[in-house]
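The values are calculated or read from the model by the stated rules, or taken from the named source; none is laboratory data. In this text, all values refer to a predicted model and were calculated from it rather than measured experimentally. Because the Cβ atoms are built from the backbone with ideal geometry, glycine has one as well, and the counts that use them run over all protein chains shown. For accessibility, only protein heavy atoms count, side chains too; no ligands or nucleic acids. Shrake-Rupley method; radii C 1.70, N 1.55, O 1.52, S 1.80 Å.
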Amino acid sequence: MRYHFERYSTPTEWAIKEITYSRALLSERNMSELYRSFNQYLRETFGERVYRVPLDAGFTCPNRDGFKTFGGCTFCDERGSGAPTIKNALSIKSQMSSGMARIRKRFKAGKFIAYFQAFTNTYAPEGVLKELYDTAIEPQDVVGLAIGTRPDCLDDNILDLIKTYDEKLFTFLEIGVQSVHNRTLEAINRGHTAEEFFDAVGRAQKRGLKLATHLIFGLPGESEADMIETVKQVVPLGLTAIKIHQLCIYKGTPMEEDYRAGRLQTMKEDDYVRLVADALELLPPDMVIMRLVAEGSQDEVIAPDWAFEKERVMKKIENELNRRGTKQGSRYIKKEAEPHQSFRQSLPVQP
Ligand code: SF4
């Protein structure tokens with residue numbers, strides 16, 4: 001998965017992001033009693049703050065190069081397709097050393113996770129993946145490997161490869177799905193089904209991998225009930241972590257056209273805040289929350305404008321939970337994960 005709001009095109013952008021990040025750390029302290037953050041989880045695991053180094057290995061995506069479809073998910077920034085290839089990108093070795101140096105200088109960081117974040121980071125032959133992952137975890141002080149991908153790029157051989165890393169260091173696999181409703185996945189040209197997601201999760205879990213997923217609230221045609229249904233279907237899976245964020249309209253995407261033509265709207269801030277609070281209450285209390293609000297830069301994002309004020313929105317989520325007197329897990333009901341097949345049967349499919 002490519003998450004453009006965490007991309008640093010220029011040193012200035014990097015600096016701005018780091019300032020925002022420092023402020024976010026302050027607000028994280030206020031939120032720590034309301035939900036279990038990823039930073040908290042890393043501190044519990046390593047006894048100190050650990051920093052992710054975002055990497056772009058020059059991957060593309062089967063949803064862009066025609067293997068599945070062309071054009072990508074309709075929310076995905078077109079500039080992704082022009083990303084450097086492995087040949088002309090900064091090498092992984094260089095990205096790791098410059099990223100670690102920058103973070104070390106800014107935060108006096110001591111431990112790092114190599115984070116394969118851009119595009120689909122398992123979309124290559126195993127030999128290529130192994131070389132990239134090995135290079136990334138080579139530097140001293142790298143204590144973890146995180147890999148973001150999509151469910152249809154995780155065959156058993158690749159999961160077996162990832163398991164070899166899990167056996168030697170902290171390894172985290174992020175499998176994006178965004179919604180469990182097939183009609184939505186079709187509408188956003190996702191190029192895979194919910195069934196493929198559940199299948200990939202099941203096979204990864206058989207190998208004991210630590211897993212996260214990504215959800216987007218506000219996708220076209222979805223009601224609040226649809227979004228909450230996605231949360232409810234993810235809950236019993238027993239994932240380690242989750243990222244939730246609002247739909248953002250990026251410049252140059254098919255969604256930009258729909259948005260400008262009035263065919264698509266983004267969520268209102270207050271509705272999003274309420275919905276995220278609802279979702280947090282339903283999630284298991286020990287699930288790790290990796291993100292609750294997407295942060296956009298004005299250069300890249302058209303809407304919603306509240307994406308430019310992530311801290312303020314985070315504060316509103318905190319206030320909403322405090323107002324309700326609830327927190328993550330307040331309405332969690334422990335259920336055994338159901339067999340994969342029953343998810344298939346319950347998924348609403350486009351007639
Ligand atoms: S899966 Fe979708 S969002 Fe992720 S890189 Fe491919 S087109 Fe972009």
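Key figures
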quantity: Neighbourhood charge, 12 Å Cβ-Cβ cut-off, centred on Asp226 and excluding it, Lys, Arg +1 and Asp, Glu -1; calculated: -1
quantity: Nonlocal amide H pairs with Thr171, under 5 Å, H built at 1.01 Å; calculated: Leu145
quantity: Highest to lowest packing among 279-285, 317-323, scored as the average C-beta count within 10 Å; calculated: 279-285, 317-323
quantity: For Leu292, distant residues with modelled amide H under 5 Å away; calculated: Ile244
quantity: Percent accessible area from carbon and sulfur atoms, the stretch 34-324, protein chains only, probe 1.4 Å; calculated: 49 percent
quantity: Rg/Rh (Cα only; Kirkwood hydrodynamic radius) as it applies to the stretch 174-213; calculated: 1.02
quantity: Additional length obtainable on full extension of the chain from Lys105 to Glu309, 0.36 nm per residue less Cα span; calculated: 70.8 nm
quantity: Debye-sum result for the stretch 34-324 in log10 I(q)/I(0), which assumes one identical scatterer on each alpha carbon, at q = 0.08, 0.12, 0.15 Å⁻¹; calculated: -0.33, -0.80, -1.32
quantity: Sites matching chymotrypsin sites (Phe, Trp or Tyr not before Pro) across the stretch 43-78 that sit in DSSP coil, with at most 12 neighbouring C-beta atoms within 10 Å; calculated: none
quantity: Cubic angstrom per residue, convex hull over Cα atoms of the stretch 232-274; calculated: 123 Å³
quantity: Karplus-derived 3J(HN,Hα), 6.51/-1.76/1.60, for each residue of the stretch 307-316, Hz, glycine and proline x; calculated: 5, 7, 10, 4, 4, 5, 5, 4, 5, 5
quantity: Expected-Rg normalisation [2.2 N^0.38 Å, Cα atoms] applied to the stretch 140-216; calculated: 1.16
quantity: Sequence-distant residues sharing a close amide H with Thr122 (under 5 Å, placed H); calculated: Arg150
quantity: DSSP-loop trypsin sites (Lys or Arg not before Pro) across the stretch 230-260, with at most 15 other Cβ within 10 angstrom; calculated: Lys251
quantity: Sparsely packed GluC sites (Glu not before Pro) within the stretch 152-230, loop by DSSP, other Cβ within 10 Å at most 13; calculated: Glu167
